[in-house]
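The values are calculated or read from the model by the stated rules, or taken from the named source; none is laboratory data. What you see is a predicted model; the values in this text were computed from it and never measured. When we count neighbours, we look across all protein chains shown, and the Cβ atoms used for this are built from the backbone with ideal geometry, even at glycine.
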Amino acid sequence: MTTLRVRLAAQPLPDRADPWALFDAAGRCTHTGNDRPSAWPSADKIEAVIAASQVRIATLKLPPMAASRIAGAAGFALEDQLAGAPADHHLGVSAQAPEGRVRVTVVARSLVTAIVHADGRITRIVAEPELAAPIAGWRWCADEGGSGFVRCTDGSAFPVDAPPADGTLPAELALALARSKRDGTAPAPLRIDAPIADAALARVQREAGVAVARGSSWRWHAAPPESFASAVDLRPPNAAAVATSPQRNLERVFAPALALVAVALGIHIVASVGEWAALRVDAWRAAREWTDLAVAAGVPADAAATPQAAHAALARRYAQLRHAQGLAAPDDALPLLARASSALAALPAGAVKSAVYADGHWTLELARADPALIRDLDVRMRAARVPMLVATSANGARVRIGGP
(Lines give C-alpha, C1' and ligand atoms only; values in the text may rest on other atoms or scores of the structure.)
Protein backbone atom coordinates (compact mmCIF):
# COMPACT_ATOMS: atom_id res chain seq x y z
CA MET A 1 0.00 0.00 0.00
CA THR A 2 1.49 3.33 -1.06
CA THR A 3 1.04 6.60 0.82
CA LEU A 4 1.31 10.11 -0.61
CA ARG A 5 2.18 12.76 1.96
CA VAL A 6 1.88 16.46 1.07
CA ARG A 7 3.27 19.29 3.21
CA LEU A 8 0.80 22.17 3.40
CA ALA A 9 1.02 25.65 4.93
CA ALA A 10 -2.49 26.43 3.65
CA GLN A 11 -5.35 24.57 2.02
CA PRO A 12 -4.50 22.92 -1.33
CA LEU A 13 -5.26 25.15 -4.32
CA PRO A 14 -5.52 24.01 -7.95
CA ASP A 15 -2.92 26.54 -9.13
CA ARG A 16 -0.40 26.23 -6.26
CA ALA A 17 2.41 23.68 -6.06
CA ASP A 18 3.14 22.01 -2.73
CA PRO A 19 5.97 19.59 -1.78
CA TRP A 20 5.01 15.92 -1.71
CA ALA A 21 6.66 12.57 -0.99
CA LEU A 22 5.56 9.07 -2.03
CA PHE A 23 6.14 6.18 0.39
CA ASP A 24 5.97 2.44 -0.24
CA ALA A 25 4.30 -0.19 1.95
CA ALA A 26 7.38 -0.39 4.21
CA GLY A 27 7.31 3.37 4.87
CA ARG A 28 10.33 4.18 2.69
CA CYS A 29 10.29 7.39 0.67
CA THR A 30 10.63 6.47 -3.02
CA HIS A 31 9.88 9.75 -4.84
CA THR A 32 9.59 13.45 -3.99
CA GLY A 33 8.36 16.48 -5.90
CA ASN A 34 6.63 19.85 -5.82
CA ASP A 35 3.44 20.00 -7.87
CA ARG A 36 -0.13 21.20 -8.07
CA PRO A 37 -2.81 18.76 -6.86
CA SER A 38 -3.63 17.65 -10.40
CA ALA A 39 -0.03 16.47 -10.85
CA TRP A 40 0.30 14.58 -7.58
CA PRO A 41 1.17 10.91 -8.14
CA SER A 42 -1.51 8.30 -7.50
CA ALA A 43 -1.38 6.44 -4.19
CA ASP A 44 -3.59 4.18 -2.07
CA LYS A 45 -4.02 6.92 0.52
CA ILE A 46 -3.10 10.58 1.01
CA GLU A 47 -1.96 12.26 4.23
CA ALA A 48 -1.32 15.95 4.90
CA VAL A 49 1.68 17.27 6.85
CA ILE A 50 0.95 20.75 8.20
CA ALA A 51 4.02 22.96 7.88
CA ALA A 52 5.80 23.89 11.12
CA SER A 53 5.10 27.59 10.57
CA GLN A 54 1.41 26.90 11.29
CA VAL A 55 1.86 24.66 14.35
CA ARG A 56 2.73 24.89 18.02
CA ILE A 57 3.18 21.86 20.30
CA ALA A 58 2.85 22.16 24.08
CA THR A 59 3.62 19.55 26.72
CA LEU A 60 1.38 19.34 29.78
CA LYS A 61 1.37 17.22 32.92
CA LEU A 62 -2.17 16.23 33.90
CA PRO A 63 -3.48 14.04 36.71
CA PRO A 64 -4.47 10.50 35.69
CA MET A 65 -7.84 10.57 33.92
CA ALA A 66 -9.95 8.75 31.35
CA ALA A 67 -8.81 9.12 27.74
CA SER A 68 -12.11 10.79 26.81
CA ARG A 69 -11.42 13.65 29.26
CA ILE A 70 -7.82 14.43 28.27
CA ALA A 71 -8.69 16.71 25.33
CA GLY A 72 -11.03 18.85 27.46
CA ALA A 73 -8.53 19.09 30.33
CA ALA A 74 -5.72 20.04 27.94
CA GLY A 75 -7.84 22.76 26.33
CA PHE A 76 -8.68 24.21 29.75
CA ALA A 77 -5.00 24.17 30.82
CA LEU A 78 -3.90 26.00 27.65
CA GLU A 79 -6.80 28.46 27.44
CA ASP A 80 -4.91 31.48 28.79
CA GLN A 81 -1.87 30.74 26.57
CA LEU A 82 -3.74 30.78 23.26
CA ALA A 83 -4.02 33.96 21.22
CA GLY A 84 -7.61 34.60 20.16
CA ALA A 85 -10.79 32.76 21.06
CA PRO A 86 -10.46 29.07 22.08
CA ALA A 87 -12.91 28.15 19.30
CA ASP A 88 -10.37 29.40 16.73
CA HIS A 89 -7.90 26.66 17.67
CA HIS A 90 -7.95 22.94 16.90
CA LEU A 91 -6.18 20.79 19.49
CA GLY A 92 -4.74 17.35 18.84
CA VAL A 93 -3.89 15.48 22.04
CA SER A 94 -1.61 12.46 22.38
CA ALA A 95 -2.21 9.52 24.69
CA GLN A 96 -1.26 10.20 28.32
CA ALA A 97 2.16 8.89 29.36
CA PRO A 98 2.54 6.96 32.64
CA GLU A 99 3.91 10.07 34.42
CA GLY A 100 0.89 12.09 33.27
CA ARG A 101 2.42 14.02 30.36
CA VAL A 102 0.52 14.67 27.13
CA ARG A 103 1.52 16.46 23.93
CA VAL A 104 -0.97 19.02 22.64
CA THR A 105 -0.67 20.09 19.00
CA VAL A 106 -2.27 23.51 18.38
CA VAL A 107 -3.26 24.60 14.87
CA ALA A 108 -5.83 27.01 13.46
CA ARG A 109 -9.21 25.30 13.20
CA SER A 110 -9.88 27.13 9.92
CA LEU A 111 -6.75 25.57 8.36
CA VAL A 112 -7.68 22.01 9.35
CA THR A 113 -11.25 22.50 8.11
CA ALA A 114 -10.03 24.00 4.82
CA ILE A 115 -7.65 21.08 4.19
CA VAL A 116 -10.36 18.50 4.86
CA HIS A 117 -12.88 20.26 2.61
CA ALA A 118 -10.37 20.96 -0.16
CA ASP A 119 -9.48 17.31 -0.75
CA GLY A 120 -11.69 14.53 0.54
CA ARG A 121 -8.97 11.97 -0.24
CA ILE A 122 -6.87 13.14 2.73
CA THR A 123 -7.36 10.53 5.45
CA ARG A 124 -4.89 11.78 8.05
CA ILE A 125 -3.30 15.10 9.07
CA VAL A 126 -0.10 15.36 11.13
CA ALA A 127 2.19 18.23 12.20
CA GLU A 128 5.67 18.60 10.73
CA PRO A 129 7.45 19.18 14.11
CA GLU A 130 6.22 15.78 15.34
CA LEU A 131 8.39 14.12 12.68
CA ALA A 132 11.56 15.40 14.42
CA ALA A 133 12.23 13.05 17.32
CA PRO A 134 13.18 14.89 20.57
CA ILE A 135 16.78 14.64 21.74
CA ALA A 136 18.57 15.40 25.02
CA GLY A 137 18.77 19.08 23.99
CA TRP A 138 16.84 21.17 21.48
CA ARG A 139 16.64 20.57 17.71
CA TRP A 140 16.56 23.67 15.50
CA CYS A 141 15.27 22.28 12.21
CA ALA A 142 14.86 24.19 8.96
CA ASP A 143 14.83 23.52 5.25
CA GLU A 144 16.28 25.58 2.43
CA GLY A 145 12.97 27.44 2.06
CA GLY A 146 13.64 29.47 5.21
CA SER A 147 10.91 28.14 7.48
CA GLY A 148 11.74 26.07 10.51
CA PHE A 149 10.95 25.10 14.08
CA VAL A 150 12.52 24.11 17.39
CA ARG A 151 11.69 20.73 18.98
CA CYS A 152 12.43 20.80 22.70
CA THR A 153 13.53 17.98 24.96
CA ASP A 154 10.04 17.49 26.44
CA GLY A 155 8.46 17.15 22.98
CA SER A 156 7.09 20.70 22.76
CA ALA A 157 7.80 22.74 19.63
CA PHE A 158 7.41 26.27 18.29
CA PRO A 159 7.96 27.85 14.84
CA VAL A 160 11.08 29.89 14.19
CA ASP A 161 12.96 31.14 11.13
CA ALA A 162 15.87 29.24 9.62
CA PRO A 163 19.37 30.27 10.79
CA PRO A 164 20.21 33.63 9.13
CA ALA A 165 23.35 33.86 7.03
CA ASP A 166 24.98 36.17 9.60
CA GLY A 167 24.19 33.84 12.52
CA THR A 168 21.98 36.21 14.51
CA LEU A 169 19.40 34.46 16.67
CA PRO A 170 15.73 34.91 15.67
CA ALA A 171 13.80 36.82 18.33
CA GLU A 172 11.55 33.85 19.16
CA LEU A 173 14.51 31.56 19.80
CA ALA A 174 16.43 34.17 21.79
CA LEU A 175 13.40 34.73 24.01
CA ALA A 176 12.86 30.98 24.52
CA LEU A 177 16.53 30.46 25.43
CA ALA A 178 16.45 33.34 27.91
CA ARG A 179 13.34 31.90 29.55
CA SER A 180 14.86 28.40 29.74
CA LYS A 181 17.96 29.81 31.44
CA ARG A 182 15.84 31.58 34.04
CA ASP A 183 13.92 28.35 34.66
CA GLY A 184 17.09 26.27 34.86
CA THR A 185 16.14 24.17 31.80
CA ALA A 186 18.59 25.52 29.22
CA PRO A 187 19.20 22.99 26.41
CA ALA A 188 22.44 21.08 26.20
CA PRO A 189 23.08 21.14 23.36
CA LEU A 190 21.17 23.23 20.79
CA ARG A 191 21.55 21.07 17.67
CA ILE A 192 21.12 22.85 14.34
CA ASP A 193 19.59 20.56 11.73
CA ALA A 194 19.75 23.17 8.98
CA PRO A 195 22.22 24.55 6.43
CA ILE A 196 24.60 26.95 8.24
CA ALA A 197 28.10 28.26 7.56
CA ASP A 198 30.93 27.90 10.06
CA ALA A 199 31.04 31.65 10.81
CA ALA A 200 27.30 31.77 11.40
CA LEU A 201 27.52 28.70 13.63
CA ALA A 202 30.18 30.41 15.76
CA ARG A 203 27.99 33.51 16.20
CA VAL A 204 25.00 31.37 17.16
CA GLN A 205 27.21 29.76 19.80
CA ARG A 206 28.11 33.19 21.23
CA GLU A 207 24.59 34.63 21.20
CA ALA A 208 22.83 31.48 22.46
CA GLY A 209 25.11 31.09 25.47
CA VAL A 210 24.67 27.28 25.36
CA ALA A 211 26.50 24.45 23.66
CA VAL A 212 25.71 24.34 19.93
CA ALA A 213 26.16 21.30 17.69
CA ARG A 214 25.88 20.92 13.93
CA GLY A 215 23.39 18.33 12.72
CA SER A 216 22.17 17.25 9.32
CA SER A 217 19.86 19.35 7.13
CA TRP A 218 16.18 18.83 7.93
CA ARG A 219 14.11 16.87 5.40
CA TRP A 220 10.57 16.16 6.58
CA HIS A 221 10.09 13.26 4.19
CA ALA A 222 13.24 11.55 5.54
CA ALA A 223 11.71 11.06 8.99
CA PRO A 224 11.53 7.39 10.07
CA PRO A 225 8.22 5.51 9.64
CA GLU A 226 7.82 5.39 13.43
CA SER A 227 7.65 9.21 13.59
CA PHE A 228 4.83 9.32 11.05
CA ALA A 229 3.01 6.49 12.84
CA SER A 230 3.26 8.04 16.33
CA ALA A 231 2.28 11.57 15.28
CA VAL A 232 -1.09 12.82 16.57
CA ASP A 233 -3.81 12.69 13.91
CA LEU A 234 -5.29 16.19 13.60
CA ARG A 235 -8.08 15.23 11.21
CA PRO A 236 -11.49 15.62 12.90
CA PRO A 237 -13.70 12.52 13.12
CA ASN A 238 -15.64 11.79 9.93
CA ALA A 239 -19.18 12.75 10.85
CA ALA A 240 -20.52 11.41 7.55
CA ALA A 241 -19.23 7.90 8.30
CA VAL A 242 -20.86 7.99 11.70
CA ALA A 243 -24.16 9.10 10.16
CA THR A 244 -24.19 6.16 7.73
CA SER A 245 -23.35 3.51 10.33
CA PRO A 246 -26.07 0.93 11.17
CA GLN A 247 -28.74 2.41 13.41
CA ARG A 248 -29.78 0.71 16.64
CA ASN A 249 -32.80 1.13 18.81
CA LEU A 250 -30.98 2.96 21.57
CA GLU A 251 -34.17 3.94 23.37
CA ARG A 252 -35.12 0.31 23.87
CA VAL A 253 -31.65 -0.84 24.90
CA PHE A 254 -30.80 2.04 27.21
CA ALA A 255 -34.26 3.09 28.46
CA PRO A 256 -33.45 2.59 32.19
CA ALA A 257 -30.15 4.44 31.87
CA LEU A 258 -31.79 7.26 29.93
CA ALA A 259 -34.42 7.63 32.66
CA LEU A 260 -31.72 7.93 35.33
CA VAL A 261 -29.85 10.46 33.20
CA ALA A 262 -33.05 12.53 32.81
CA VAL A 263 -33.62 12.55 36.58
CA ALA A 264 -30.00 13.50 37.26
CA LEU A 265 -30.19 16.23 34.63
CA GLY A 266 -33.33 17.66 36.24
CA ILE A 267 -31.67 17.76 39.66
CA HIS A 268 -28.60 19.38 38.15
CA ILE A 269 -30.70 22.05 36.42
CA VAL A 270 -32.58 22.90 39.63
CA ALA A 271 -29.32 23.11 41.59
CA SER A 272 -27.69 25.22 38.86
CA VAL A 273 -30.61 27.67 38.79
CA GLY A 274 -30.41 28.04 42.58
CA GLU A 275 -26.65 28.63 42.45
CA TRP A 276 -27.07 31.10 39.58
CA ALA A 277 -29.70 33.05 41.54
CA ALA A 278 -27.43 33.21 44.60
CA LEU A 279 -24.52 34.45 42.48
CA ARG A 280 -26.73 37.10 40.88
CA VAL A 281 -27.77 38.34 44.32
CA ASP A 282 -24.13 38.48 45.41
CA ALA A 283 -23.21 40.36 42.25
CA TRP A 284 -26.04 42.86 42.82
CA ARG A 285 -24.90 43.46 46.39
CA ALA A 286 -21.30 43.96 45.27
CA ALA A 287 -22.45 46.43 42.61
CA ARG A 288 -24.43 48.40 45.20
CA GLU A 289 -21.44 48.48 47.52
CA TRP A 290 -19.21 49.89 44.76
CA THR A 291 -21.79 52.57 43.94
CA ASP A 292 -22.35 53.50 47.62
CA LEU A 293 -18.60 53.67 48.21
CA ALA A 294 -18.12 55.96 45.22
CA VAL A 295 -20.95 58.29 46.30
CA ALA A 296 -19.57 58.42 49.83
CA ALA A 297 -16.21 59.45 48.38
CA GLY A 298 -17.76 62.45 46.66
CA VAL A 299 -18.39 60.95 43.22
CA PRO A 300 -21.68 62.14 41.63
CA ALA A 301 -24.30 59.37 41.56
CA ASP A 302 -24.75 59.57 37.79
CA ALA A 303 -21.01 58.93 37.34
CA ALA A 304 -21.22 55.70 39.40
CA ALA A 305 -24.25 54.06 37.77
CA THR A 306 -22.42 50.75 37.21
CA PRO A 307 -19.69 48.96 39.20
CA GLN A 308 -17.23 49.58 36.37
CA ALA A 309 -18.06 53.27 36.24
CA ALA A 310 -17.82 53.52 40.03
CA HIS A 311 -14.42 51.83 40.03
CA ALA A 312 -13.11 54.17 37.31
CA ALA A 313 -14.57 57.24 39.07
CA LEU A 314 -12.95 56.22 42.38
CA ALA A 315 -9.60 55.85 40.62
CA ARG A 316 -9.96 59.35 39.15
CA ARG A 317 -11.05 60.77 42.50
CA TYR A 318 -8.09 59.15 44.24
CA ALA A 319 -5.74 60.59 41.60
CA GLN A 320 -7.24 64.06 42.05
CA LEU A 321 -6.75 63.95 45.82
CA ARG A 322 -3.16 62.73 45.42
CA HIS A 323 -2.43 65.53 42.95
CA ALA A 324 -3.99 68.13 45.27
CA GLN A 325 -1.43 67.10 47.89
CA GLY A 326 1.44 67.27 45.40
CA LEU A 327 1.74 63.48 45.23
CA ALA A 328 1.80 61.11 42.26
CA ALA A 329 -1.11 58.79 41.44
CA PRO A 330 -0.64 55.11 40.43
CA ASP A 331 -1.57 55.76 36.79
CA ASP A 332 0.58 58.86 36.36
CA ALA A 333 3.24 58.57 33.69
CA LEU A 334 6.29 57.73 35.83
CA PRO A 335 4.62 55.44 38.45
CA LEU A 336 2.86 53.51 35.67
CA LEU A 337 6.08 53.16 33.72
CA ALA A 338 7.89 52.01 36.87
CA ARG A 339 5.31 49.26 37.43
CA ALA A 340 5.71 48.07 33.85
CA SER A 341 9.50 48.42 33.71
CA SER A 342 10.22 44.81 34.73
CA ALA A 343 8.13 43.56 31.81
CA LEU A 344 9.43 46.09 29.30
CA ALA A 345 13.05 45.40 30.22
CA ALA A 346 12.80 41.94 28.61
CA LEU A 347 11.96 43.38 25.17
CA PRO A 348 14.78 43.08 22.61
CA ALA A 349 16.82 46.20 21.85
CA GLY A 350 15.08 48.41 19.32
CA ALA A 351 11.69 46.70 19.79
CA VAL A 352 9.99 49.91 21.01
CA LYS A 353 9.68 52.51 18.25
CA SER A 354 7.78 55.13 20.28
CA ALA A 355 6.02 55.64 23.62
CA VAL A 356 3.26 58.20 24.28
CA TYR A 357 1.50 58.88 27.59
CA ALA A 358 -2.04 60.32 27.72
CA ASP A 359 -5.12 59.98 29.96
CA GLY A 360 -3.61 57.46 32.35
CA HIS A 361 -2.20 55.15 29.64
CA TRP A 362 1.12 54.54 27.89
CA THR A 363 0.82 53.64 24.20
CA LEU A 364 3.85 51.80 22.82
CA GLU A 365 4.58 51.18 19.15
CA LEU A 366 6.54 47.92 18.71
CA ALA A 367 8.65 47.24 15.66
CA ARG A 368 7.56 43.59 15.47
CA ALA A 369 4.39 41.66 16.20
CA ASP A 370 6.02 38.29 16.92
CA PRO A 371 3.43 36.07 18.66
CA ALA A 372 6.04 34.70 21.08
CA LEU A 373 7.23 38.21 22.01
CA ILE A 374 3.65 39.43 22.56
CA ARG A 375 2.76 36.37 24.65
CA ASP A 376 5.83 36.80 26.85
CA LEU A 377 5.13 40.53 27.30
CA ASP A 378 1.51 39.76 28.27
CA VAL A 379 2.64 37.22 30.88
CA ARG A 380 5.10 39.71 32.35
CA MET A 381 2.52 42.52 32.46
CA ARG A 382 0.09 40.23 34.27
CA ALA A 383 2.77 39.39 36.79
CA ALA A 384 3.35 43.12 37.30
CA ARG A 385 -0.45 43.65 37.55
CA VAL A 386 -0.45 46.16 34.72
CA PRO A 387 -3.45 45.93 32.33
CA MET A 388 -2.44 45.57 28.69
CA LEU A 389 -4.24 45.71 25.34
CA VAL A 390 -2.59 44.72 22.05
CA ALA A 391 -3.45 45.45 18.42
CA THR A 392 -1.19 43.90 15.77
CA SER A 393 -0.66 44.86 12.13
CA ALA A 394 1.69 43.97 9.31
CA ASN A 395 4.08 46.71 10.44
CA GLY A 396 4.26 45.79 14.11
CA ALA A 397 2.06 46.05 17.20
CA ARG A 398 0.47 48.79 19.29
CA VAL A 399 0.41 48.11 23.03
CA ARG A 400 -1.62 50.13 25.55
CA ILE A 401 -0.76 49.70 29.23
CA GLY A 402 -2.42 51.17 32.29
CA GLY A 403 -5.96 52.03 33.29
CA PRO A 404 -8.49 50.01 35.27
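Per-residue answers, yes or no, for (1) part of a helix (DSSP H, G or I); (2) of a type in the set (Val, Ile, Thr):
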position	(1), (2)
Pro348	no, no
Lys353	no, no
Trp362	no, no
Ile374	yes, yes
Leu377	yes, no
Met381	yes, no
Arg385	no, no
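Could you say whether any residue in region 224-232 is at pLDDT 90 or above, among the polar types (S, T, N, Q) and part of a helix (DSSP H, G or I)?
So far as region 224-232 goes, yes, one or more of its residues are at pLDDT 90 or above, among the polar types (S, T, N, Q) and part of a helix (DSSP H, G or I).
Which residue pairs have Cβ atoms under 7 Å apart, sit 6 or more places apart or on different chains, and have a first residue in region 275-292 that is assigned by TED's automatic domain parsing to the domain that holds Arg317 and a second that is surrounded by 11 or more Cβ atoms within 10 Å (Cβ to Cβ)?
Ala286/Pro307; Ala287/Pro307; Trp290/Pro307; Trp290/Ala310; Trp290/His311; Thr291/Ala304; Thr291/Ala310
Only one of Leu321, Leu337, Leu293 is in a helix (DSSP H, G or I), touching a strand residue (DSSP E or B) at 6+ places or on another chain (Cβ under 8 Å) and at pLDDT below 90. Can you tell me which?
Values: Leu321 fails: touching a strand residue (DSSP E or B) at 6+ places or on another chain (Cβ under 8 Å); Leu293 fails: touching a strand residue (DSSP E or B) at 6+ places or on another chain (Cβ under 8 Å).
Criteria check complete, one pass: Leu337.
Quick one: is Ile57 out of contact with any strand residue (DSSP E or B) (no Cβ under 6 Å at 6 or more places or on another chain), β-branched (Val, Ile, Thr) and under 25 Å from Leu177 (Cα atoms)?
no
Only one of (1) crowded, with 18+ Cβ neighbours inside 10 Å; (2) under 21 Å from Asp376 (Cβ atoms) is not met by Thr153, so which one is it?
Single failed check for Thr153: (1).
Please determine, by comparing only the residues of region 81-120 that are of a type in the set (D, E, K, R) and loosely packed, with under 13 Cβ neighbours inside 10 Å, which one is nearest to Gly155 (Cα to Cα).
For region 81-120, the residue satisfying everything is Glu99.
Tell me which residues, restricted to region 157-166, are surrounded by fewer than 20 Cβ atoms within 10 Å (Cβ to Cβ) and of a type in the set (Gly, Ala, Ser).
Of everything in region 157-166, just one residue is surrounded by fewer than 20 Cβ atoms within 10 Å (Cβ to Cβ) and of a type in the set (Gly, Ala, Ser), namely Ala165.
Go through region 53-109 and give me each residue that's closer than 15 Å to Pro371 by Cβ and either assigned to a helix (DSSP H, G or I) or assigned by TED's automatic domain parsing to the domain that holds Ser147 (or both).
Ser53, Gln54, Leu78, Asp80, Gln81, Asp88
Could you tell me whether any residue of region 3-20 is surrounded by 14 or more Cβ atoms within 10 Å (Cβ to Cβ) and β-branched (Val, Ile, Thr)?
Among the residues of region 3-20, at least one is surrounded by 14 or more Cβ atoms within 10 Å (Cβ to Cβ) and β-branched (Val, Ile, Thr), which makes the answer yes.
Restricting attention to region 144-196, and to residues there that are among the acidic types (Asp, Glu) and touching a Pro at 6+ places or on another chain (Cβ under 8 Å), which single residue is modelled with the lowest pLDDT?
Glu144
I'd like to verify a number: residues in region 46-74 that are crowded, with 18+ Cβ neighbours inside 10 Å, of a type in the set (D, E, K, R) and closer than 16 Å to Leu91 by Cβ, how many?
The number of residues fulfilling the criteria is 1.
Pick out the one residue from Ala310, Ala319, Ala304, Ala287 that is surrounded by 14 or more Cβ atoms within 10 Å (Cβ to Cβ) and touching a Phe, Trp or Tyr at 6+ places or on another chain (Cβ under 7 Å).
Ala310
Is it true that Ala329 is of a type in the set (A, V, I, L, M, F, W, C) and part of a loop (DSSP other than H, G, I, E, B)?
The answer is yes for Ala329.
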